[in-house]
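Here is the structure we will look at.
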Amino acid sequence: MRHGQSDELAMARLLTWVDGIDLPMFVLQTLDNDRLEFVHSNAALGRVTGLTPSVLAGRTAAEVFPARAAARLEGNYRQCLDRTEPVSYEECLLLDGVDTWWETTLSKPAGFSGQVILGVAIAITDRKNREFASAEAMAELTAQFDELRLFSTMAAHDARSPLATVSSLIDLVLDQFEDMGDGKTELLRLCSQTVDEALTQITSTLERGRSMQQGSRPETDVDLGRLCADIAAMVDPEMNMDITVPDLHVHCDEVVVQMAIRNLMSNAAQYCRSRISVEASEDRRRGQLIIDVADDGPGLPEGMTLAELTRRGHKREGSHGFGLASIAQLLGSRGGAFEVVHDVPQAELPGARFRMILPGRIGGGEQSGPSHAPEQARKLA
């Protein structure tokens, strides 16, 4: 981008304005050779990230960040240049060895021929941690509630048969019973009515227990490709692996998907040789979204179950099974399931494969019909 005197004055005014805002902000520009480099960042950005203006100015994302994270950032910036409206997204960056979450908005300020980007980044790490903690707490409460519901339902069911027997015995006693004027007939009828009322209440309790199924969860539009690419930048920042992700949007519980995929991709990165694949499909008839995470590592022993894998994981921290019980509980609390998959026909990757199932659908798909597998997938650069 070649600046005239008016452009330089406009840039100077923009940078002065950026420095006066107490929100993390940065400015990029496209040069004549299509090089997209940072021009400036304000004190607020340096305060929360440690990236001072001297660290960023005159450098591209690839010259500051690890390869995969830089590719994600560059892609976001190019997307902004190609659009007329602002671009907003959540992203996670590894800064000083710590995962930090940001809600970033990119826009093109007027007067620069669409070649300058203004970025505003709001730190949301605390909010994301609260979301993840709330999801885990909800999963735990749901598990406890389900156990209590099962116990109360079984208790009511177990009480129904003896009471029904008592009711039948009273009817037998009343049959041809001769009242001697001492009111015993009336007492027996009162007992029978009391037992019948108890049976009615027990039946209502059982019906109520059956109706207390998993409630519907709020679903949001999730860019699954972006989400997986951001997680890939966290688990493989130097781009040493070949990672393929689905290039599509889905409607589901974003927090659950984010937590589960992050855990599974992190595990896969530890045990794969060089390749990881995230695959998505849907069962339209059941209204379920199906996501597989597979790798080309040594895989799991034949017949290995999730329960056994979890037990091994608890005994050996950092192993393949660490955290899988939490994923299973989290998905179960949302009316989904978590599975270890063996013997997938024509599987491209021979290693371990884990499958998460949860309420949802692929964006743009019909609500009814047979199971469906998406055609779009992309290999991350």
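Quick rundown of the values:
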{"quantity": "Nearest-0.05 FRET efficiency for Arg59 and Asp82, computed from C-beta distance (R0 22 Å)", "calculated": "0.50"}
{"quantity": "15 Å beta-carbon shell around Thr125, net charge (K/R +1, D/E -1)", "calculated": "-3"}
{"quantity": "Accessible-area value, Thr200, 1.4 Å probe, nucleic acids and ligands omitted, Å²", "calculated": "80"}
{"quantity": "Using θ = phi - 60° and Karplus 6.51 cos²θ - 1.76 cosθ + 1.60, couplings along the range 241-254 (whole Hz; Gly, Pro as x)", "calculated": "10, 9, 10, 10, 10, x, 9, 7, 9, 10, 10, 6, 7, 5"}
{"quantity": "Accessible-area ranking of Leu300, Leu172, Leu36, Leu94, largest first, probe 1.4 Å", "calculated": "Leu172, Leu94, Leu300, Leu36"}
{"quantity": "Tensor-based shape of the range 83-129 (alpha-carbon gyration tensor, a/c under 1.5 rounded, otherwise prolate or oblate)", "calculated": "prolate"}
{"quantity": "Inter-label distance, nm, simple model (7 Å from Cα along the C-beta direction), Thr125/Gln270", "calculated": "2.2"}
{"quantity": "Heavy-atom SASA rank of Met259, Met138, Met356 (probe 1.4 Å, accessible area, largest first)", "calculated": "Met138, Met259, Met356"}
{"quantity": "Residues of the range 1-51: accessible area per residue with a 1.4 Å probe, Å²", "calculated": "54"}
{"quantity": "For the range 1-50: rounded, prolate or oblate by the Cα gyration tensor [a/c cutoff 1.5]", "calculated": "oblate"}
{"quantity": "Two-decimal log10 I(q)/I(0) for the range 1-95, as the Debye equation yields it once each C-alpha is a single scatterer, q = 0.15, 0.17 Å⁻¹", "calculated": "-0.64, -0.84"}
{"quantity": "Pair Glu302, Ser134: separation of 7 Å Cα→Cβ label points (nm)", "calculated": "4.7"}
{"quantity": "Heavy-atom SASA rank of Lys108, Lys128, Lys184 (probe 1.4 Å, accessible area, largest first)", "calculated": "Lys184, Lys108, Lys128"}
{"quantity": "For the range 282-289, Karplus couplings with θ = phi - 60° (6.51, -1.76, 1.60), whole Hz, Gly/Pro x", "calculated": "9, 10, 5, 5, 8, x, 10, 9"}
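The values are calculated or read from the model by the stated rules, or taken from the named source; none is laboratory data. Given the structure is predicted, the values throughout are model-derived calculations rather than measurements. A quick note on method: Cβ atoms are made from the backbone with ideal geometry, for glycine too, and the neighbour counts reach across all protein chains shown. Surface accessibility is based on the protein's heavy atoms, side chains included, excluding ligands, DNA and RNA. Shrake-Rupley method; radii C 1.70, N 1.55, O 1.52, S 1.80 Å.
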